[in-house]
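**Q** Could you have a look at this structure, given as structure tokens, before my questions?
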Amino acid sequence: MISTKLISILKKATLSKDEIVFLLSLSGKEEIEKLYSRADEVRKEFCGDEIHLRGIIEFSNHCEQDCLYCGLRISNLELPRYRMTSKEILKTVNCIVEANIRTIVLQSGEDFSYTKEYISDIIRNIKEKYDVAITLSLGERSFEEYIDWRNAGADRYLLKHEIANPRLYSAFHNKQKLGDRIHHLQLLKAAGYQVGSGNIIGLPGQTFVDIADDILLCKELDCDMASFSPFIPSNGTPFRKVEKADVELTVKTIAVARIVLKDVHIPATTALGSLVENGREKGLKTGANVVMPNFTPHPYRQNYKIYEGKICITDDPLASVGCLNLMIEGLGRKVSDGKGHSLKLFKN
Ligand code: SAH
């Protein structure tokens, strides 16, 4: 049975926090299906049928932060650490371009051994050689660094706020505060980046109200990209025994986020694909329009261990992209051949 309340909420252009919480708490199968189909309609209206692939290079797993949930945390002494050189990074960029992917995501832990100049040089080298967009995801750095990297040609920056509840944020991040994180996101916007934020679903103590706040914070920050991905426990962390996130809650969050945020890029994350078989497909059917295939080369890839059981650890990246293409065609959608810039700023 579909309630009249649900029907009226799904027709609204703007949703209140209470209405978002109502959608996240839906439990009837028919009502959840209704939510998913509305999210898919909104996705089609604002993003069309194109799916954007972003090739990710996880170039260092060193991290100075100590986030309680993350396998890269500095206190995790079990994890073998690596750093890729600029030469290795550029070689990997070439593989991504050869797979016809036009966004390069450079991600690492918070590793300050990569200086402002070193990262700027990598960005310039990539931009001189290839017609691609660059997304950085290096954690919190200085405003000066953000500006320099933007001037060198970086287009986007991904820095998830992780959890919009200030008390839980402080509990999970030894040194960091939610307010600082938000300030960094504002600095990145001011520096002219297309900015991505988002949360982790299923962290201990998190409520539906917190998740509603996560979605509303992405709206308030006017994010260009928003990622809602499930918590999966990692060995070597205090959260190793915490239960992994609920698949349905993760997919519902993606759907509600699409309905609320409308013209943002939302990924069907690798974590969702790792949580459940066909997870990325589920995400793409319920509001997501982006997938981020992993190009981190062997032997490094297995050690970018944010959580356990990550998919595609042993695969050849080109074969993975081939599978993704088939999956996307199977959904009746199309892989974009553009750079997939912000839906708010540019026409591709
Ligand atoms: N240093 C960068 C990249 C961090 S790793 C930064 O700070 O932005 C990328 C993302 O992995 C994080 O933003 C976090 O949302 C996610 N992550 C970390 N631990 C996780 C876990 N156990 N389960 C699911 N996602 C996790």
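**Q** Determine which aspartates and glutamates satisfy two conditions relative to K334: a Cα distance under 14 Å, and not lying fewer than 8 residues away in the same chain.
**A** Result set, ordered by chain and number: D49, E50, E281.
**Q** What is the local net charge at C67, summed over the other residues whose Cβ is closer than 9 Å to its Cβ (Lys, Arg +1; Asp, Glu -1)?
**A** In short, -1.
**Q** Under the definition of Cα pairs under 8 Å and six or more residues apart, what whole-number percent is the relative contact order of the range 1-122?
**A** 27
**Q** Using the Cα centre as the reference, give the magnitude of the dipole from point charges on the C-beta atoms of the chain (Lys, Arg: +1; Asp, Glu: -1; all else neutral), rounded to the nearest 20 debye.
**A** Dipole about the Cα centre, nearest 20: 240 debye.
**Q** Around I311, which amide H atoms from residues at least 5 apart in sequence, or from another chain, sit under 5 Å from its own amide H, with H modelled in the peptide plane?
**A** For I311, whose amide H was placed from the backbone, the distant partners under 5 Å are S274.
**Q** I've got another one for you. Hey, can you grab everything whose amide H is under 5 Å from the amide H of Y82? Only 5+ residues off in sequence or another chain; H modelled, so Pro and N-termini drop out.
**A** Those lying under 5 Å, H to H, from Y82 are N61, H62.
**Q** Here's another thing I want to ask about it. Through the Karplus equation 6.51 cos²θ - 1.76 cosθ + 1.60, θ set to phi - 60°, convert the phi angles of the range 190-202 into ³J(HN,Hα) values in whole Hz; use x for Gly and Pro.
**A** 5, 7, x, 7, 7, 10, x, 10, x, 10, 10, 9, x
**Q** Can you spot the lysines whose alpha carbon is less than 26 Å from K177's alpha carbon? Ignore those fewer than 8 places along the same chain.
**A** Candidates past the 8-residue exclusion: K17, K116, K160, K189, K219, K241, K244, K305.
**Q** Next question. Could you derive backbone 3J(HN,Hα) for the range 7-15 from the dihedral phi with the Karplus parameters 6.51, -1.76 and 1.60 (θ = phi - 60°), listing whole Hz in sequence and x where the residue is Gly or Pro?
**A** Taking θ as phi minus 60°, the curve returns 4, 5, 5, 5, 8, 6, 7, 10, 10 Hz for the range 7-15.
**Q** Full extension from A171 to T14: what is 0.36 nm times the residue separation minus their Cα-Cα distance, to one decimal in nm?
**A** Full extension from A171 to T14 adds 53.3 nm.
**Q** Any idea what Rg and Dmax come out to for the range 225-348 if you just take the C-alpha atoms, in Å?
**A** Cα radius of gyration and Dmax of the range 225-348 are 15.1, 45 Å respectively.
**Q** Just check the range 109-239 against the gyration tensor rule for me: Cα atoms, a ≥ b ≥ c as the square roots of the eigenvalues, rounded for a/c under 1.5, and otherwise prolate or oblate depending on whether a/b exceeds b/c.
**A** Prolate, because a/c is 1.5 or more and a/b exceeds b/c.
**Q** Springs between alpha-carbon atoms under 10 Å, Gaussian network over the chain: tell me which of L68, L77, L90 tops the mean-square fluctuations.
**A** L77
**Q** Scan around A133 for amide H atoms under 5 Å from its own, H built in the peptide plane at 1.01 Å from N, and keep only partners 5 or more places away or cross-chain.
**A** Under 5 Å from the amide H of A133 lie the amide H atoms of T103, I104, each far enough along the sequence or on another chain.
**Q** Further question: Give me the extension gain from D121 to E33: residue separation times 0.36 nm, minus the current Cα-Cα distance, reported in nm with one decimal.
**A** Full extension of this stretch gives 26.9 nm more.
**Q** Right, another one. Quick one: F59, F46, F22, fewest Cβ neighbours within 10 Å first, how do they rank?
**A** Arranged by neighbour count, lowest to highest, F59, F46, F22 become F46, F22, F59.
**Q** With a cut-off of at most 10 other beta carbons within 10 Å, and DSSP calling the residue loop, which GluC sites (Glu not before Pro) in the range 37-77 qualify? Please list them.
**A** Answer by residue number: there is no such site.
**Q** Something else: Give me a comma-separated list of calculated 3J(HN,Hα) values for the range 287-298, in order, Karplus coefficients 6.51, -1.76, 1.60 applied at θ = phi - 60°, integers in Hz, x for any Gly or Pro.
**A** Taking θ as phi minus 60°, the curve returns x, 7, 9, 9, 10, 10, x, 8, 10, 4, x, 6 Hz for the range 287-298.
Every number in this text was worked out from the coordinates using simple rules, so none of it is lab data. In this text the structure is predicted, and so the values were computed from the model without any measurement. Counting neighbours? That spans all protein chains shown, and the Cβs are built from the backbone with ideal geometry, glycine included.
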